[in-house]
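This report concerns only the one structure given below.
The values are calculated or read from the model by the stated rules, or taken from the named source; none is laboratory data. The structure presented is a predicted model; accordingly, all values stated were derived computationally and were not measured. Neighbour counts run over all protein chains shown; Cβ positions are idealised from the backbone, glycine included. Remember, those area values only see protein heavy atoms, side chains included, never the ligands or the DNA or RNA. Shrake-Rupley method; radii C 1.70, N 1.55, O 1.52, S 1.80 Å.
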Number of protein chains: 2
Amino acid sequence: MSVSVKVNPDLQKERDNCTFNVTELTNLIDGGPQKTEERKKREEMVFKEGIHIDEVPSDYLSHKEKYELAVKKACMLFKMMRRLQEEENAGMENYMALLGGNLGSAILGDGSPLTLHYVMFIPTLMGQATVEQQAYWIGRAFNLSIIGTYAQTELGHGTFIRGLETTATYDAATKQFVLHSPTLTAYKWWPGGLAHTANYCVVMAQLYTQGKCHGIHPFIVQLRDEETHMPLPGIKVGEIGAKLGMNGTNNGFLGFDNVRIPREHMLMKNSKVLEDGTYVNAPSSKLTYGTMMFVRVMLVHDVCNYMAKAVTIATRYSAVRRQSQLRPNEPEPQILEYVTQQHKLLIGISSVHAFRLCAAWLWDMYNNVTAELETGDLERLPELHALSCCLKAITTSDAAACVERCRLSCGGHGYMLSSNLPLTYGLVTAACTYEGENTVMLLQTARYLVKAWRTAAHALQPTVSYVGLARTGRRSPPWDNSLQGIISGFHTLAAGKIGLCVSQIEKRQASGMSYEDAWNMTSVQLTAASEAHCRAIILSSYYTETEKMSRGVSAPLRLVLTQLVELYVVYWALQCLGDLLRFTSISERNIEELQNWYEDLLVKLRPNAVGLVDAFDIRDEILRSALGAYDGRAYERLMEEAMKSPLNKEPVNESFHKYLKPFMQGKL
Amino acid sequence: MSVSVKVNPDLQKERDNCTFNVTELTNLIDGGPQKTEERKKREEMVFKEGIHIDEVPSDYLSHKEKYELAVKKACMLFKMMRRLQEEENAGMENYMALLGGNLGSAILGDGSPLTLHYVMFIPTLMGQATVEQQAYWIGRAFNLSIIGTYAQTELGHGTFIRGLETTATYDAATKQFVLHSPTLTAYKWWPGGLAHTANYCVVMAQLYTQGKCHGIHPFIVQLRDEETHMPLPGIKVGEIGAKLGMNGTNNGFLGFDNVRIPREHMLMKNSKVLEDGTYVNAPSSKLTYGTMMFVRVMLVHDVCNYMAKAVTIATRYSAVRRQSQLRPNEPEPQILEYVTQQHKLLIGISSVHAFRLCAAWLWDMYNNVTAELETGDLERLPELHALSCCLKAITTSDAAACVERCRLSCGGHGYMLSSNLPLTYGLVTAACTYEGENTVMLLQTARYLVKAWRTAAHALQPTVSYVGLARTGRRSPPWDNSLQGIISGFHTLAAGKIGLCVSQIEKRQASGMSYEDAWNMTSVQLTAASEAHCRAIILSSYYTETEKMSRGVSAPLRLVLTQLVELYVVYWALQCLGDLLRFTSISERNIEELQNWYEDLLVKLRPNAVGLVDAFDIRDEILRSALGAYDGRAYERLMEEAMKSPLNKEPVNESFHKYLKPFMQGKL
């Protein structure tokens, strides 16, 4: 068990054989050498303080201790952030890196109780408070005199916002709103930091005034005494209990027993309630789409980070781990030599690039549409909404599957928390149900697609223009087994699936079903059509954006980037063979060619597998994985991590004397 | 927040509308009314003691406390088992229920440190020790004077047993074996109970005698002093650290520094080392297949239990949860009304039946083959081995996917540990990598299938006879859109995929590749062929066994059981459309019929969904789920569980005064 700082020789050999310049790719991912340098400097500053180092890894702590450690570390982290901002007079990038990126999660592995203060509380104040309200609240929130969160979801109500039960009833006599939870299911449930951390909260509630309900509106409510932190009268607040992951986020519940707040605590940038109780409507409710879409684009970035971590860990470990036999009389090969292992890992690497470029493309579109919005042009808003819904669903579920596949590809050792794969899965899978449950998201997109199909006679928005072509009933062109041909095949099949859904719905209506029932009966197929649409979008944006991006890069790197796109496109073609066979003219011969192409790409990419994950440039302190560290000392680190278990601090656990020995002696 | 013991009215209505007799199905699953009664009586006895009740749920404990609680409960559980056995003079059923079944896991939610003593240590002694050795060891093991475990896997070696590094070198001078771990990767890693619980262990090690290595053999080694429990000299033992699940199992590592044991501690029922060091070979090494296959059949039973729990929880919750709108101006519907939700749940219910019947069928086959073995007939052993490999892989991965789909179908609330879905996933996913990693398992079956294809001219064993039919090159018959037609289509496609693999391998060999490299290059397709074979087996055994079983049941139940088989077969046909289109003559029209058939089955089965999961008859104490309890008080129970969190025992956590307040005041 000698301790060596040298890199595992198998891993070193992989690096020696890499055909492209890893730093060039890192710079490309970061957005230029300047950005890479800034990121590295920021990481260096954060880690030199050592607040990422735990005496006892939090995996071994009790639930309560985990929370206490999370509070301590969150305070230290945000204190450091304040200093960074002051020193550098920097923009939002430090905030972004610490809140959403890899850096924050390196320190607050399993979530932070302060995240929602920055990610939801302050932005909501900025977006929904009047100028006067902002003057009063935002300063206090920024300098952390108060800590807030955002409470929308209730125990009985999630996706369907209209169903929320919490009421805010205006009492003109006292000029107050009365907040109340009429039932148990009306309790707010889930908001991060709500349980024991925040002392203020933006609460979404059904607004009643002058005897009429005006729907959901935001109110700012004080929850706890600023000095003692005791819950205020009428406030029932606590934590919702242990979860699969994110046990540092302090998710809470919140009930109101007729809690009164001043009229001015309704956030009135959009709608208003006047002193006499008159309700004044918002100019446009579509504007709130903006935040939701912003959050979803951020989410795609997040899942890229999780995937990049998982494939880095699994790929490096696969270069270090040797097992079984490929050829007789040879030593056990690196498991990366097995084509089945390459099949599990390389698609993960290319998915990171695909999603990252798709998110960048969506981000551009978001900015364009937002600019159009400000000129009063709402035309592309439904398209953007539809896109963000299906992309949220597909990227989160693909990412969760990718992380889990990586974990399983490490065999039993992936089951160890010290691999960091289980925790990563816990974080990424959460995204499948928050910010819009994935099936609901797919059905939202499906509504848009069915509408697009039906109005295809008219001009269609760019991302669904293919529907128009299909709608005209033209036979699909002969199959073309090239990248562009496959992508065009995906458009054909997506259109085919949408068309089939529309005709199913119509058939069912013709047989006497209501539109709603026909929709529901067809909804399994509708989610599949929505997924097909999304796959076509991701494939074509990945292909196009890589083409653009590759122009400025060196030839060896361009080759690898192109191979990754090919791998991604061919992989998905092989996954979707049933649909391609149904809706395009692909032949058995084409399929065999695709299969050979795919296996050929695995062979070509395999020597660069380690270089490709190295290019994600995830520091060991961020990776936090015994299996995936840069030096490849997987076994030594597994043992070192094991030795940190408190159970290993003493040779005999007291349960032997207390239970086991009496039991063995028949005396228990 | 009134507490009521009444059943949720939505759930009650479901039960009122169930079309079949739930008890009849329960009896069928248990194997007769008598068996149901015995099971219920056993459960009653176990739970009346109350040892399943935790003051603080173990989710909130530290890792060390979890272990201490697990030891305490394991001792109490096995003490009770001893008493049960004495009182009833019963067979193995009590043991089975407490060790493998739902009952043990109800008490030891996240694994037991004593399981391997019963499941591996004692059976290995029974299978591999001589009569004299048994006389010495088995009594002591049965009455728990010693507690053992079984150590095979090493830090660097899992699937490939030949690669194990631990050595046992015979020293004829002292008549001792010297056990040694020459490297860090030679450390035993993973055995349950090894860390701090067991004081003896069966160790698998490379046997050296007279200068020659004779491969892996079993040795019994004392690890700890029987009185003090201190590790003996030369023994390095401890725990491997926290894991995704099974944190009560006390998985350990074990290293030897030239530890000497008497010659008699080698288990010598098969091979022997004589006093002078002469090695005497085992009569047949094939006999060890038996235990492995027994364990795999048990594993299929286990995954059925996990799936049954998950679908029970998700189905009941889907009847209680109301969300969104299906039709305008109607109240929010039960989410079970959504066809997408039915799509997620009903396949889970039918999978439980499919796997259970398949396991029973495999068990019969196992017993027949074992009987043949005893007459010296080894012919069907490879077939059985191939079957058990692919079934292990497919049932565990399908079950893991099913449990996770159920969790996600509960939205965010499935992420709460109080749903019991995350813990269930942790247990079921472990089975994907233990007892043979799934990809390795599929490739083992593929070897058999390729061999079957090549020898198809000769007589083939029953489960691969379809390969012979395909091999003769007959065109597949016209597609028949009935259950039997679909199942026969699956045989055709499985044969097609095997044939394609064989021709791929041959093509690659013809182009100059070695057989081993050609095999590796084709291995992604080989795993797919193996999966296709397995699907055909499961579909046909489910269909045939249900036909048999249904003869004796009432008409209403028979109808439902038939619908479940139809659902399962049609679901998998729709999942495998690409393969069916490639290898059979299925048409677009057939596909649309299948899709309608499937949606129709969802409608027909939906009213019985709750009845079907009630029939699994999993007591609340076993289910341990706030979302899935029999009374459907999901929200009340979520809140009750939340209130058990130690964080909710005080209104203000001390971290406020220690960190948060100083931080807010800029004083940290």
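Data table
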item: Percent carbon-and-sulfur accessible area, region B:622-668, ignoring ligands, DNA and RNA, probe 1.4 Å; result: 51
item: Accessible solvent surface per residue of region B:117-283, calculated while the other protein chains remain in place, 1.4 angstrom probe, Å²; result: 35
item: Residues in region A:641-668 that a label on B:S145 would reach, taking backbone N under 19 Å of a point 7 Å out along Cα→Cβ; result: A:660-668
item: Accessible area of region A:373-487 belonging to carbon and sulfur atoms, whole % at 1.4 Å probe; result: 56
item: Solvent-accessible area of B:Y208 with every protein chain in place, 1.4 Å probe, in Å² to the nearest 10; result: 80
item: Other protein chain Cβ atoms within 10 Å, averaged over every residue that makes up B:315-322; result: 1
item: Neighbouring partner chain Cβ atoms per residue of A:154-160, average, 10 Å criterion; result: 5
item: Simple label model, 7 Å out from Cα along Cβ direction - A:W363 to A:E379, nm; result: 2.7
item: Charge dipole (debye, nearest 20) of region B:322-386; +1 at Cβ of Lys and Arg, -1 at Cβ of Asp and Glu; result: 540
item: For region A:287-346: accessible area per residue (Å², 1.4 Å); result: 32
item: Occluded residues from region B:608-649, i.e. those whose accessible area drops by 40 Å² or more once the chain is not alone (1.4 Å probe); result: B:Y635, B:M639, B:L647, B:N648
item: Among B:I498, A:G109, A:T312 - extreme Cα towards positive end, dipole of the protein assembly as shown, charges at beta-carbon; result: B:I498
item: Residues losing 30 Å² or more accessible surface upon assembly, region A:70-87, compared with the chain by itself, 1.4 Å; result: A:V71, A:K72, A:C75, A:K79, A:R82
item: Relative contact order [Cα under 8 Å, 6+ residues apart], chain A, whole percent; result: 16
item: Heavy-atom accessible area, 1.4 Å probe, ligands and nucleic acids excluded: residues of region B:37-68 down by at least 20 Å² from chain alone; result: B:Y60, B:S62, B:H63, B:K64, B:Y67, B:E68
item: Whole-number D in µm² s⁻¹ for the protein assembly as shown, Kirkwood Cα-pair radius fed into Stokes-Einstein, 20 °C, 1.002 mPa s; result: 65
item: Cα gyration tensor category, rounded, prolate or oblate, for region B:387-433 with a/c compared to 1.5; result: prolate
item: Under the span-like rule (Cα at least 18 Å along the axis, Kyte-Doolittle mean at least -0.5), DSSP H helices of chain A; result: A:289-320, A:339-374, A:381-409, A:438-454, A:483-510, A:523-550, A:555-575
item: 1.4 Å probe accessible area per residue over region A:598-667, in Å²; result: 35
item: Dipole of region B:117-283, positive end: most advanced residue of B:F160, B:A186, B:T149 [Cβ charges, Cα centre]; result: B:F160
item: Carbon and sulfur %, accessible surface of region A:148-283 computed with the full protein complex present, 1.4 Å; result: 53
item: Area buried, chain A against chain B - accessible surface, total, 1.4 angstrom probe, square angstrom; result: 12000
item: Dipole magnitude (debye, nearest 20) for chain B, charges at Cβ of Lys, Arg, Asp, Glu; result: 840
item: Shortest-first nm distances, A:S511 label point to equivalent points in other copies (7 Å, Cα→Cβ); result: 4.9
item: Test item: B:423-432 mean partner chain Cβ contacts at 10 Å; result: 2
item: Computed [θ] at 222 nm, helices only, for chain A once each DSSP H run of length n ≥ 4 contributes -39500 (n - 2.57); result: -17500 deg cm²/dmol
item: Most positive-pole-ward Cα, B:F583, B:Q595, B:F616, against dipole of region B:573-668 from beta carbon charges; result: B:F616
item: Greater than 29 Å apart at Cα, pairs in B:K35/B:K73; A:K667/B:K269; B:K40/B:K72; A:K392/A:K497; result: A:K667/B:K269
item: More than 41 angstrom apart: percent of Cα pairs within chain A; result: 36
item: Proportion of all alpha-carbon pairs of region B:117-283 beyond 19 Å (%); result: 53
item: Positive minus negative residues near B:R162 (Lys, Arg vs Asp, Glu; Cβ under 14 Å); result: -3
item: Dipole magnitude (debye, nearest 20) for the protein assembly as shown, charges at Cβ of Lys, Arg, Asp, Glu; result: 620
